[in-house]
1. If I ask for residues that are in contact (Cβ under 8 Å) with a residue 24 or more places away in the chain and acidic (Asp, Glu), which ones from segment 21-37 would you list?
2. Looking only at segment 37-51, count every residue that is surrounded by 11 or more Cβ atoms within 10 Å (Cβ to Cβ) and either assigned by TED's automatic domain parsing to the domain that holds residue 125 or over 14 Å from residue 74 (Cα atoms) (or both) and tell me the total.
3. Restricting to segment 130-158, name every residue that is out of contact with any Phe, Trp or Tyr (no Cβ under 9 Å at 6 or more places or on another chain) and surrounded by 15 or more Cβ atoms within 10 Å (Cβ to Cβ).
4. Restricted to segment 81-125, and to residues that are part of a loop (DSSP other than H, G, I, E, B) and among the aliphatic types (A, V, I, L, M), which residue is modelled with the highest pLDDT?
5. Give me a count of the residues in segment 38-73 that are in a strand (DSSP E or B), in contact (Cβ under 8 Å) with a residue 12 or more places away in the chain and either more than 16 Å from residue 4 (Cβ to Cβ) or of a type in the set (A, V, I, L, M, F, W, C) (or both).
6. Between 74, 7, which is touching a His at 6+ places or on another chain (Cβ under 6 Å) and loosely packed, with under 15 Cβ neighbours inside 10 Å?
7. For residue 17, indicate whether it is in contact with a strand residue (DSSP E or B) (Cβ under 9 Å, 6 or more places away or on another chain), assigned by TED's automatic domain parsing to the domain that holds residue 174, hydrophobic (A, V, I, L, M, F, W, C) and surrounded by 13 or more Cβ atoms within 10 Å (Cβ to Cβ).
Amino acid sequence: MNKLIITVLGKDRPGIISQISTILYDLDCNLENVNQMILQKQFAGFFFIDPPSGLTRNQIEQIFVERTKDSGLTIHVNPLEGNGSAVEEIQTEIFLITTIGLDQKGLVARLSSIIAGFNANIVNLKAVFKGGSDPNANVMSYQVSVTPDVDTPGMFRALREKASELDLDIRIQHKNIFNAINKI
């Protein structure tokens, strides 16, 4: 069987990861990757698994429905796209782009459109908007994967121009520099 992705959504509470990982362990599934976050008291988790042979996607989904029926969680089990195919590894560099400023409608759309327009890929985005008049209370942090064919200086110039237009403080750093500066 191909690998699966299990998506879990619901109101945050203690024990969600324990509950999901215990079900996977009981089913003899290999948990390969997990990414979870809490956004405004809502839990979102992504679990990449390799199920044992003989256990179908539908069986796994049914077991999750039965064992989480009173939990308030919404769970989806889907095939993981691109399984088993050799993927050409492309050299990329990761840049960290952070903006700080007053909350405005369309901030994510405006900046992500520039990044997409240069064919760079946002691999992680965290946006925290607390509103109010304190511009330091609203922070967006993008991790952007850049391939050698991307006009990186042009993208950075366009981002700085848009940030200036929107009255945002913007910082752009290569991930290696960020890690070196913030090393404990």
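1. Hits for segment 21-37 are 28, 32.
2. At the first step, the residues of segment 37-51 found to be surrounded by 11 or more Cβ atoms within 10 Å (Cβ to Cβ) are 37-39, 42-51.
Applying the additional criterion that residues be either assigned by TED's automatic domain parsing to the domain that holds residue 125 or over 14 Å from residue 74 (Cα atoms) (or both) yields 37-39, 48-51.
Matching residues across segment 37-51 total 7.
3. Within segment 130-158, the subset out of contact with any Phe, Trp or Tyr (no Cβ under 9 Å at 6 or more places or on another chain) is 130-136, 141, 147-149, 153, 157.
Scanning segment 130-158 gives a single hit, 141.
4. Within segment 81-125, the first condition is being part of a loop (DSSP other than H, G, I, E, B), and the residues that meet it are 81-92, 101-106, 118-120.
Checking which are among the aliphatic types (A, V, I, L, M) leaves us with 86-87, 90, 102, 120.
Numbers: 86: 45, 87: 49, 90: 75, 102: 85, 120: 95.
So the residue we want is 120.
5. First pass over segment 38-73, keeping only residues in a strand (DSSP E or B): 38-39, 42-50.
Checking which are in contact (Cβ under 8 Å) with a residue 12 or more places away in the chain leaves us with 38, 42-50.
From what's left, either more than 16 Å from residue 4 (Cβ to Cβ) or of a type in the set (A, V, I, L, M, F, W, C) (or both): 38, 42-44, 46-49.
Qualifying residue count, segment 38-73: 8.
6. Values: 74 fails: touching a His at 6+ places or on another chain (Cβ under 6 Å).
Only one candidate passes the filter, namely 7.
7. Details: in contact with a strand residue (DSSP E or B) (Cβ under 9 Å, 6 or more places away or on another chain): yes; assigned by TED's automatic domain parsing to the domain that holds residue 174: no; hydrophobic (A, V, I, L, M, F, W, C): yes; surrounded by 13 or more Cβ atoms within 10 Å (Cβ to Cβ): yes.
Here the answer is no, as residue 17 does not meet what is asked.
The values are calculated or read from the model by the stated rules, or taken from the named source; none is laboratory data. All values reported here derive from a predicted model rather than from experimental measurement. A quick note on method: Cβ atoms are made from the backbone with ideal geometry, for glycine too, and the neighbour counts reach across all protein chains shown.
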